[in-house]
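One structure below.
The values are calculated or read from the model by the stated rules, or taken from the named source; none is laboratory data. Computed from a predicted structure; not experimentally measured. Using ideal geometry, Cβ is built from the backbone for each residue, glycine included, and neighbour counts are taken over all protein chains shown.
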Amino acid sequence: MRVCSYVTPKFIPVASQSTESPRNSIVGGLLTAVALVVLGFAWGEELDPLAKTSFGLGVGDNAGVPFVDSVLPGSPADRQGVKVGDGIDIADLTTSSRFRLYVGSPPGTEVTVRIGRAGSWRPVTLRAVPNPLAPSRWAPVAAATITLLVVALIAYRRPSLATAALVLYGCGSVSSFVTTAELSWLADPWFGGVSIFINAALSQVPVFALFPFIVRFPHLPTTRSAVVRMHLADGIFAAAAVGFAAATILEPVAFVSWAAAYNAIGLATTLVLLVFAMLAYRDESGESRRRIGWVIAGFVVSGAAYNVIDAFGATISSAGQVSAGIVALLDFMSLLTAALPIALAYAVLRHRVLDIGFALNRGAVFAVLTTIVICIVSLVDWITGRLLSEERLALAVEALATIAVGVSLNWLHGRVERVVDQTVFRRRHLAERRIEHRIDALRFANTEGSIDDALAVDAPEILELASSAVFRRAVTGGPFLRIAAFGWSPSDIESVEPDSLLVRTVLALEKPIILADLAIDNAGFPRGSAKPTLAIPINAQHELLGFALFGNERGGGSLDPTQVTLLARLVGAASNAYGVVEARRWRTRAAELEGSLPMKAATAD
């Protein structure tokens, strides 16, 4: 995590170191609120003046003995003769004063310390002043913004223990010492207690929050080995939280003598987390494996960036100076720390929150419309400027042209969108049109077999899905039998009991459901790319006739909202068609019975 070490001078330009229930809605809202509050502190790193103050000296560490490793020119410390290399005795300082010495305080705040040179010690009163050499923190702030917005969105959409851990990880994207400086306006001893809490919660613990997250992503573990790993990961996180909280409270000279140990622990933690992630990747398949793969890639980049920042931070602290090249490198590393949340956003939110095709479509439409409007207005302006010498008449013509363009925007929008759909998104447009034709054709189906084929054969062929299956009841109250399927093998499950979780869920919701979102699985379902991910009920007057299961795209992509909507409409049309075929069968049966009655009566006579 980004830890602003005690041994880093405050004024040295260094980049920082390292279906929902009401209850779920409340939890998601609280987690989101926490992430957004921390995001406010992240922006305070650059905008809050308290984050850019100093007592005029930086404190270094020589085998656990603190010393002055830099002095701010023109500061009260400089004017009182404090020199680089002087000893500094902070053992008698209160916790609040010790933190103030390292992070700064509101200008005018005073702290008295003993400064030693050649065995002679004297008291020096240091006064906080604005620090003109405070480094810009836009790169760390940008990375923190991306991280916290991503975890806030995920927590809001999917509140759980895993996403709570993810929010804690995101909170570590702020610098603990700079955040402490933003609260230095608090009176003593409150400031000391708040400082301990912030540094215990934000400096080292957040990276350990990835342990409970990674063992629960993308779903709760189901195998015995995965469950054991989950408990082990939870234990590691709990032990780290207790240990680092105690270290923050008990460390004799906070973050001086133990900074190198913390960096070593950070590197070891990165490697162990990578092992946990690889084991989870090994146990999964299909879409889940791809999601974990993205997370692993992002974690490797972010973890490497954090460790580089920590390593360079320790070196810079010892050297007391830094080159522009090192600053640029650390800023670049800070930006790379956002790799994990970006990869996670792609793995979790793709085709679930944002329809990328829709966004590109609208972007292209608005870009074309904007170009057309600019060209028309510019052309009118050029023509009126060349042909009309009367300024008022020219302005009137331009106004009329602008109004005409505005009135025609809706017409233009529809035409441009149609052109974009049929060119840039031609493949998707074709698939949607074919599904629409299948929906219309279902009104004229004469047998259940033709309806089954529309769901189990036509739909996956048109939308290029990896699998599909139709389950329907043969007798009232009986199991749901697999009537037709694509991508399923003969060894896969052939019937689903009425009391199964899947059946009870589609009965309760009566709408399409993403199986992974509700943790619904069946040992008899296909594995790998053919694993079903979407279930849509086949209903008639709130009676469950059956359900259709669909897998992801053959290329591995998840179903997007447009595809889910198309499949839902197709299954809805199939539900009506099943009802029509059934009604037609009963009418035919009734007509046969009515026709047989006169014959039976004549035979009786």
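Yes/no matrix, rows are residues, columns are (1) modelled with pLDDT of 80 or more; (2) surrounded by 18 or more Cβ atoms within 10 Å (Cβ to Cβ); (3) among the hydroxyl-bearing types (Ser, Thr, Tyr):
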position: 252; (1), (2), (3): no, no, no
position: 258; (1), (2), (3): no, yes, no
position: 275; (1), (2), (3): yes, no, no
position: 282; (1), (2), (3): yes, no, no
position: 310; (1), (2), (3): no, yes, no
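Among the candidates 141, 124, single out the residue that is farther than 30 Å from residue 518 by Cβ and assigned to a strand (DSSP E or B).
Working: 141 fails: assigned to a strand (DSSP E or B).
After ruling out the rest, the residue left standing is 124.
Among (1) surrounded by 22 or more Cβ atoms within 10 Å (Cβ to Cβ); (2) over 21 Å from the mean Cα position of the chain (by Cα); (3) among the aliphatic types (A, V, I, L, M), which single condition is residue 196 missing?
(1)
Checking residue 184 against (1) assigned to a helix (DSSP H, G or I); (2) surrounded by 15 or more Cβ atoms within 10 Å (Cβ to Cβ), which test does it fail?
Result: residue 184 fails condition (1) only.
Regarding segment 478-499, can at least one residue be identified that is basic (Lys, Arg) and loosely packed, with under 13 Cβ neighbours inside 10 Å?
No: zero hits.
Give the residue that is nearest to residue 273 (Cα to Cα), with candidates limited to residues of segment 187-243 that are in contact with a Ser or Thr (Cβ under 8 Å, 6 or more places away or on another chain) and outside any helix (DSSP H, G or I).
216
So residue 248 passes all but one of these: (1) at pLDDT below 80; (2) farther than 26 Å from residue 96 by Cβ. Which condition number does it fail?
Just one mismatch for residue 248, condition (2).
Right, residue 82: modelled with pLDDT of 85 or more and more than 24 Å from residue 110 (Cα to Cα) or not?
Numbers: modelled with pLDDT of 85 or more: yes; more than 24 Å from residue 110 (Cα to Cα): no.
The answer is no for residue 82.
Confirm whether residue 520 is over 23 Å from residue 542 (Cα atoms), part of a loop (DSSP other than H, G, I, E, B) and not acidic (Asp, Glu).
Here the answer is no, as residue 520 does not meet what is asked.
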